Amino acid sequence: MQMIGKSALALVIAGLASVAQAAQPGDWPHFGGDIGDTKYSALSQINAGNIGKLKVVWRAPAIDPAVVAQTPGLQLSNNFRHAPLVIDGVMYISNQLGQVEARDPASGKVLWRQGNFEGETPSRANASRALSYWNKGGVARIVTVRGAYLYIVDAKNGALVPDFGDKGRVDLRADPKTAFSWTAPSPIVVGDVIVVGGQPLATGTADINKASLPGDVRGYDVRTGKLLWTFHTIPRAGEPGVETWENESWKQGGKTKVWSAFSADETLGIVYVPLSAPSNDYYGVARPGDNLYGDSLVALDVKTGRKVWHYQTVHHDLWDYDLPTPPMLADIKVNGRMRKAAIQVTKMAYVFAFDRATGEPLFPIVETPVPASTMPGEKAAATQPIPVKPAPFDRQGMDEDAIIDFTPELHAQGLEILNRFVHGRMYTPPSVAGGPDGKLGTLYLPGWVGGSNWNGAALDPETGIIYVPSVSVPWIGRDNYRRPPEDSLYLEGPQGLPLVKPPYGRITAIDMNSGDHLWMVPNGNGPRDHPALKGLKLPPLGQAGRPAPLLTKSFLFIGEGDMVALSMPKFSGGNAFRAYDKKTGKVVREIDLGAGTTSPPITYMHKGKQYIAVGVGGKDHPAEIVALAVN
């Protein structure tokens, strides 16, 4: 492992400070801890000397109980994906209705709650993934998206700020006929500009196979709510990139949106925009060409919305390989030179690293020939960009070697399942199901859940090492998105086991100074107690959940994810929350939280005590926030 000297380390820490907004030591002021989304905190009160005493110290519902008592028939999701903020002794959350709540960080007790707008009576909604915070001249504001509206509330009492937009909110719909979904958008404040992504619904249907409206990114004045700029994520006539939509298909193109979060460098004045695939996710006949800015990381000037640089990680996406998380920003030493890095993990299990000021790749990326499409009318991209370093952090491609082999019988049954489908190396396109070859479509790996997903990775600015949780979940790509006999595009293996070899959930440590892998460990036991595996004495196989990491000076903390999402495999979550040794990947502490982790864990210092807080939930377990500390 390449280590960083003292002088270089000082530059790394100084560079990280230039990325982040000023915050009190011990606060957690952004979705990912800092505005560079590293998910790192230098707090070390919880350390090797006392980790054995870490325990749950409070639990609180993810919504004010008074709301539930006052609203009969309220429908709440247990899938609480929100990461709280903790600033100046107050915890701020987006509750299960998307309302801002202030909580006591020592107990989870509700201090105040954002009220409904005049005439507004929400009865079913979701939490936003993240809130954003702004403070200038002692005036503090909380920024959130709820429904089709961007809200600003006073951080002291939750009151709407009347000078912002229309009495405290801005309508994000371009006109009353434009649909706008809000299940994920996480606004970010960079300087005095609020940046928010579009979350368009499909036009006329929720079917993922249908066209939808574009997911344009917009910037608003944080004081007035005035629209400052709009970046078209699907280029229009006369704009750079429109030529990547052949036959003027840009006119019908949709989605290409931010559904997770943003990161930013305030010194450079750049916001980093991770964009999704265009619609349809698996069928590109109606959108020939590479389809910019689908699956692209785009760097925008935050004051003007002008594109500074972009890089497309997948051309003409046919696999739903969205960029699922914002890039992590920090300064690392590559080939002996300090670089301002933007590090992007992907569903494909690749890591792309760029100079965040210029977009120059920090490691070579090679356009590599990939399989052609056999679907009538479909023209898959001839090449895809593949990083030379780092090596992929999870399994790629579906072939006989990938199939479960705990016993010869299970392997034979797995091969029989595999051979019902077209399969092959990475980027094998979707295919016609029920055609002359009798195949049921294409089985590919990683599937749309990753690799990596919205949970992202964590970066240690003191070492330049990233820690990437990922899953090995194959998926079906075919002409008809859902068709019998499967009601899900996740395919089980023999006797209800996963189809591929373990680990099904893993954590990989990668030194981004060199691009080398340092260690990989399974995260969780996985299905090793399955009856078909009885007597085999297997090691941990890994849970195929999507847990988010938290990195401190002492440990990597991570859960096992949850089983709330119906599209995930049956072995996708677990109740354990663990502390891992960052150098070795060894588990040093494990705690049962009573439900799977659904949100990113955070850490903060309050009244002299370090806490770790994380959202949990399950199919039959109401959403909660659970806090841990050393007592």
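In the set (1) open to solvent by 40 Å² or more (accessible area, probe 1.4 Å); (2) within 23 Å of V614 (Cβ to Cβ), the condition left unmet by N135 is number (2).
Within the stretch 90-108, being among the hydrophobic types (A, V, I, L, M, F, W, C) and open to solvent by 10 Å² or more (accessible area, probe 1.4 Å) holds for V90, A106. Of everything listed in (1) open to solvent by 10 Å² or more (accessible area, probe 1.4 Å); (2) within 29 Å of L418 (Cβ to Cβ), the single unmet condition for T463 is (2). For beta carbons closer than 6 Å, sequence separation of 6+ or different chains, a first residue in the stretch 360-376 that is farther than 13 Å from V285 by Cα and a second that is among the basic types (K, R) and open to solvent by less than 40 Å² (accessible area, probe 1.4 Å), the qualifying pairs are L362/R339.
In this structure, D401 does not satisfy being among the charged types (D, E, K, R), in a loop (DSSP other than H, G, I, E, B) and farther than 23 Å from L318 by Cα.
Within the stretch 407-424, can one find any residue that is within 30 Å of G32 (Cβ to Cβ) and either open to solvent by 10 Å² or more (accessible area, probe 1.4 Å) or modelled with pLDDT of 95 or more (or both)?
Taking the stretch 407-424 as the starting set, the residues that turn out to be within 30 Å of G32 (Cβ to Cβ) are none.
The answer is no, given that none of the residues of the stretch 407-424 is within 30 Å of G32 (Cβ to Cβ) and either open to solvent by 10 Å² or more (accessible area, probe 1.4 Å) or modelled with pLDDT of 95 or more (or both).
Of the residues making up the stretch 35-63, those that are open to solvent by less than 20 Å² (accessible area, probe 1.4 Å) and assigned to a loop (DSSP other than H, G, I, E, B) are I35, G36, D37, T38, K39, I46, A62, I63. Looking for something of a type outside the set (V, I, T) and modelled with pLDDT of 95 or more - is there at least one such residue anywhere in the stretch 190-213? Yes, that holds for at least one residue. Being modelled with pLDDT under 90 and closer than 23 Å to A83 by Cα is a property that holds for S186. Among the residues of the stretch 579-592, are any out of contact with any Phe, Trp or Tyr (no Cβ under 6 Å at 6 or more places or on another chain) and small (G, A, S)? Checked against the condition, which is being out of contact with any Phe, Trp or Tyr (no Cβ under 6 Å at 6 or more places or on another chain) and small (G, A, S), the stretch 579-592 yields no hits at all. On the stretch given as the stretch 74-89, residues that are modelled with pLDDT of 95 or more and open to solvent by 30 Å² or more (accessible area, probe 1.4 Å) total 2.
Collect the residues in the stretch 548-566 that are part of a strand (DSSP E or B) and not β-branched (V, I, T), keeping them in residue-number order. Give the derivation first.
Quick first cut of the stretch 548-566, residues part of a strand (DSSP E or B) only: 549-552, 555-558.
Hits for the stretch 548-566 are P549, L550, L551, F555, L556, F557.
Within the stretch 333-347, the set of residues being over 22 Å from L300 (Cα atoms) and either buried (at least 24 other Cβ atoms within 10 Å of the Cβ) or touching a helix residue (DSSP H, G or I) at 6+ places or on another chain (Cβ under 6 Å) (or both) comprises K333, M338, K347. The set of residues in the stretch 138-166 being in a loop (DSSP other than H, G, I, E, B) and of a type in the set (A, V, I, L, M) consists of A148, A155, A159, V161. In the stretch 544-562, the qualifying residues are those that are modelled with pLDDT of 95 or more and out of contact with any Leu (no Cβ under 8 Å at 6 or more places or on another chain), and the one that is farthest from I465 (Cα to Cα) is E560. Whenever a residue of the stretch 534-547 is under 16 Å from K570 (Cα atoms) and assigned to a loop (DSSP other than H, G, I, E, B), its partners that are among the basic types (K, R) and open to solvent by 40 Å² or more (accessible area, probe 1.4 Å), lying with C-beta atoms within less than 7 angstrom and at least six residues away or across chains, give the pairs L541/R528. With respect to the conditions (1) within 20 Å of A62 (Cβ to Cβ); (2) in a loop (DSSP other than H, G, I, E, B); (3) open to solvent by 50 Å² or more (accessible area, probe 1.4 Å), L111 falls short on a single one, namely (2).
Counting only residues that are under 19 Å from I343 (Cα atoms) and open to solvent by less than 50 Å² (accessible area, probe 1.4 Å), give me the strands (runs of 3 or more DSSP E) lying completely in the stretch 204-321 with at least 2 of them.
On the way: elements: 217-221, 227-231, 263-265, 270-274, 296-301, 307-312.
The qualifying strands (runs of 3 or more DSSP E) are 263-265, 270-274, 296-301, 307-312.
Of all residues in the stretch 332-362, how many are in a loop (DSSP other than H, G, I, E, B), more than 19 Å from E266 (Cα to Cα) and under 23 Å from the mean Cα position of the chain (by Cα)?
So in the stretch 332-362, the residues in a loop (DSSP other than H, G, I, E, B) come out as 335-336, 346-350, 356-360, 362.
Narrowing further to those that are more than 19 Å from E266 (Cα to Cα): 335-336, 346-350, 360, 362.
Then keep just the ones that are under 23 Å from the mean Cα position of the chain (by Cα); that gives 346-350, 362.
Matching residues across the stretch 332-362 total 6.
So, of the residues in the stretch 352-397 that are among the aliphatic types (A, V, I, L, M) and closer than 21 Å to P469 by Cα, which turns out to be surrounded by the most Cβ atoms within 10 Å (Cβ to Cβ)? Explain how you work it out, then say what you get.
So in the stretch 352-397, the residues among the aliphatic types (A, V, I, L, M) come out as 353, 357, 362, 365-366, 370, 372, 375, 380-382, 386, 388, 391.
Those left that are additionally closer than 21 Å to P469 by Cα: 353, 386, 388, 391.
On the way: A353: 26, I386: 19, V388: 11, A391: 14.
By that ranking, first place goes to A353.
Of all the listed residues (P474, P436), the sole one being of a type outside the set (S, T, N, Q) and open to solvent by 10 Å² or more (accessible area, probe 1.4 Å) is P436. Every condition in (1) in contact with a Ser or Thr (Cβ under 7 Å, 6 or more places away or on another chain); (2) surrounded by 24 or more Cβ atoms within 10 Å (Cβ to Cβ) is met by A457 except one, and the failing one is (1). Of all residues in the stretch 389-423, those satisfying the criterion of being without any contact (Cβ under 8 Å) to a residue 60 or more places away in the chain and farther than 28 Å from G434 by Cα are P392, P408.
Quick one: would you say L538 is more than 22 Å from S276 (Cβ to Cβ), among the aliphatic types (A, V, I, L, M) and crowded, with 20+ Cβ neighbours inside 10 Å?
On the way: more than 22 Å from S276 (Cβ to Cβ): yes; among the aliphatic types (A, V, I, L, M): yes; crowded, with 20+ Cβ neighbours inside 10 Å: no.
For L538, the condition - more than 22 Å from S276 (Cβ to Cβ), among the aliphatic types (A, V, I, L, M) and crowded, with 20+ Cβ neighbours inside 10 Å - is not met.
The values are calculated or read from the model by the stated rules, or taken from the named source; none is laboratory data. Nothing here was measured: the structure is a model prediction, and the numbers come from that model. Heads up, the Cβs are rebuilt from the backbone with ideal geometry, glycines too, and the neighbour counts pull from every protein chain shown. Protein only, heavy atoms only, side chains kept; ligands, DNA and RNA dropped before computing areas. Shrake-Rupley method; radii C 1.70, N 1.55, O 1.52, S 1.80 Å.
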